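Contents: one structure, followed by commentary.
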Amino acid sequence: MKLFDPTSKPVDRGLTLAPRPASPRGLRLGLVENTKFNAKPILEKLAERLGRRHQTTVTFRTRKRSASHEVDGDAIKALRAQCDLVISGIGD
Amino acid sequence: MSGIDEATDPAALIEAYYDAGWTDGLPVVPPSDASIAAMLAVAGLEGHEELGVIAGRNAVVLAEKAAINAVMAGCRPEYMPVVVAAVKSLCAPAFAYHGPASSTGGSAMALVVNGPAAKRLGINSGNNAFGQGHRPNATIGRAVRLIMMNVMNTRPGLLDRATLGNPGKYSFCFAEHEEDHPWEPLHVSRGLRPEDSAVTLIASNSLYQVYNHLAAEPEPLLYCFADALANVGTSNLLGFNETLIVFAGEHQEVLQKAGWSRLDVQRFLIEHTRRPVADYKRGARLPGEIAPGDETTLRYRFERPEDILIAFAGGRAGSWSACLPGWGTKWTRAVTTRIEIPGGTS
């Protein structure tokens with residue numbers, strides 16, 4: 001008798017992480033809000049503190065349909081084009 | 001086939017599946033080349049075929065892996081088309097798998113089977129429809145959960161973050177009782193033909209039973225359901241809900257004798273699940289102090305009649321029915337998928 005592996009590994013889509021910035025100073029920020037109850041206040045507070053301490057600027061905001069859904073394609077394109085650093089948060 | 005090791009002792013083989021972390025906590029049926037092939041054959045599938053993709057997880061469900069898990073769950077080969085339809089429902093964009101599968105809410109994946117296949121396979125729709133004792137009910141639902149764990153990477157403590165979970169997470173599958181149905185069956189109400197067989201998937205928090213032994217008219221009976229569906233501790237209040245209500249025998253008779261339609265029931269429940277904003281603020285389910293007008297401002301729980309799914313199952317005796325509360329229409333939607341069987345028989 002054999003042991004049959006019932007599992008699957010995620011398919012490799014060749015995705016790699018973007019290079020990490022050495023410092024947040026002066027970067028363009030993107031905010032991804034997932035609609036959770038406190039997500040927006042947390043993100044805005046983070047953005048405000050980063051702006052005050054590191055002179056970052058929020059250049060793009062997007063709101064997902066729900067926490068269950070992916071960021072839509074147009075928003076991904078805008079984040080790539082307009083932002084150096086993207087913050088996505090979950091808050092309840 | 002992806003056989004990776006050999007053993008000769010069945011008990012040792014079962015232990016090997018435990019050791020590998022591939023079970024749901026219950027012993028599994030060790031698959032063989034023949035049993036996997038039989039699963040695929042009945043569904044008319046090749047092992048390499050894709051049944052679906054879970055977006056965001058890069059998880060592709062191959063037929064072979066689904067078949068292995070179905071064997072492990074104890075399915076007979078003829079159940080495989082039902083499992084395949086359930087997997088397709090899980091992968092449907094409208095279901096939005098990630099939230100209901102991963103959330104702290106710990107939903108069960110409730111499967112309602114309709115049409116000729118339900119009867120042919122002996123899927124229980126009668127006494128103890130949600131309970132133990134019927135192989136297809138127990139193993140089809142179990143196969144779906146094993147596929148979620150093993151193929152869709154939804155493991156407890158990792159991408160399954162259920163705070164408590166619920167027993168329906170082991171398996172939750174039943175058939176609708178279509179004989180003596182007062183209306184069209186569930187799958188027909190969702191756009192399929194009566195001669196189709198189908199699986200309706202809904203992510204359900206723990207079901208709660210609703211009891212009423214005295215109501216002889218629909219209004220008092222449904223008032224009990226409305227109260228259950230609008231409880232202050234209900235899940236999400238930020239949007240509208242979806243729910244599955246399962247009426248059993250004596251309650252079905254009350255609706256039937258009164259001549260109420262599906263839409264009559266849905267409309268009644270939409271109106272009677274409205275609840276004052278003040279109630280939700282008292283329970284800190286909505287933020288802020290109670291303001292003038294909150295006692296009389298009513299908050300809706302359901303937006304559209306079709307968001308209240310209704311099925312009939314269970315014994316003919318007893319005054320019990322059940323609500324299977326859904327997850328909110330913003331996050332996920334119930335999905336009905338036709339069961340495809342080679343040769344065109346559904």
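Do you know which of the residues in the range B:26-41 that are buried (at least 18 other Cβ atoms within 10 Å of the Cβ) and among the β-branched types (V, I, T) is nearest to the chain's Cα centre (by Cα)?
Among residues in the range B:26-41 that are buried (at least 18 other Cβ atoms within 10 Å of the Cβ) and among the β-branched types (V, I, T), the one nearest to the chain's Cα centre (by Cα) is B:V28.
Looking at B:T200, B:T154, which one is modelled with pLDDT of 95 or more, within 14 Å of chain A (Cβ to nearest Cβ) and either buried (at least 18 other Cβ atoms within 10 Å of the Cβ) or part of a loop (DSSP other than H, G, I, E, B) (or both)?
B:T154
Could you please let me know if B:I339 is of a type in the set (A, V, I, L, M), more than 14 Å from chain A (Cβ to nearest Cβ), within 30 Å of B:L40 (Cα to Cα) and in contact (Cβ under 8 Å) with a residue 40 or more places away in the chain?
So B:I339 passes the test.
Only one of A:L29, A:L43, A:L50 is of a type in the set (A, V, I, L, M), modelled with pLDDT of 95 or more, within 14 Å of the chain's Cα centre (by Cα) and not in a loop (DSSP other than H, G, I, E, B); which?
The unique qualifying residue is A:L29.
State which residue is nearest to B:I341 (Cα to Cα) when the search covers only the range B:15-42 and only residues that are hydroxyl-bearing (S, T, Y) and within 11 Å of another protein chain (Cβ to nearest Cβ).
Out of the qualifying residues, it is B:S35.
Check B:A110, B:A162 and return the single one that is closer than 19 Å to B:C323 by Cα and away from every other protein chain (no Cβ under 13 Å).
B:A110
Is it the case, given these coordinates, that B:A86 is under 30 Å from B:W331 (Cα atoms), in contact (Cβ under 8 Å) with a residue 60 or more places away in the chain, among the hydrophobic types (A, V, I, L, M, F, W, C) and more than 7 Å from chain A (Cβ to nearest Cβ)?
In short, yes.
If you scan the range B:94-142, which residues turn out to be under 12 Å from the mean Cα position of the chain (by Cα), assigned to a loop (DSSP other than H, G, I, E, B) and crowded, with 24+ Cβ neighbours inside 10 Å?
B:S107
Name the one entry in B:A101, B:A12, B:A67 that is within 12 Å of chain A (Cβ to nearest Cβ), in contact with a Gly (Cβ under 8 Å, 6 or more places away or on another chain) and of a type outside the set (S, T, N, Q).
Selected residue: B:A67, the only one of B:A101, B:A12, B:A67 that is within 12 Å of chain A (Cβ to nearest Cβ), in contact with a Gly (Cβ under 8 Å, 6 or more places away or on another chain) and of a type outside the set (S, T, N, Q).
Quick one: count up the residues across the range B:43-63 that are more than 9 Å from chain A (Cβ to nearest Cβ) and either surrounded by fewer than 18 Cβ atoms within 10 Å (Cβ to Cβ) or within 23 Å of B:G25 (Cα to Cα) (or both).
Here the count works out to 6.
Specify which of the listed residues (B:M80, B:M72) is within 11 Å of another protein chain (Cβ to nearest Cβ), more than 29 Å from A:L15 (Cβ to Cβ), buried (at least 24 other Cβ atoms within 10 Å of the Cβ) and of a type outside the set (G, A, S).
B:M72
Could you look through the range A:1-56, keep only residues that are touching a helix residue (DSSP H, G or I) at 6+ places or on another chain (Cβ under 7 Å) and within 12 Å of chain B (Cβ to nearest Cβ), and pick out the one that is farthest from B:A70 (Cα to Cα)?
Per the criteria, the residue is A:M1.
The values are calculated or read from the model by the stated rules, or taken from the named source; none is laboratory data. Here the structure is a predicted model, which means the values were calculated and not measured. Neighbour counts are summed over all protein chains in view; Cβ atoms, including those assigned to glycine, are modelled from backbone coordinates with ideal geometry.
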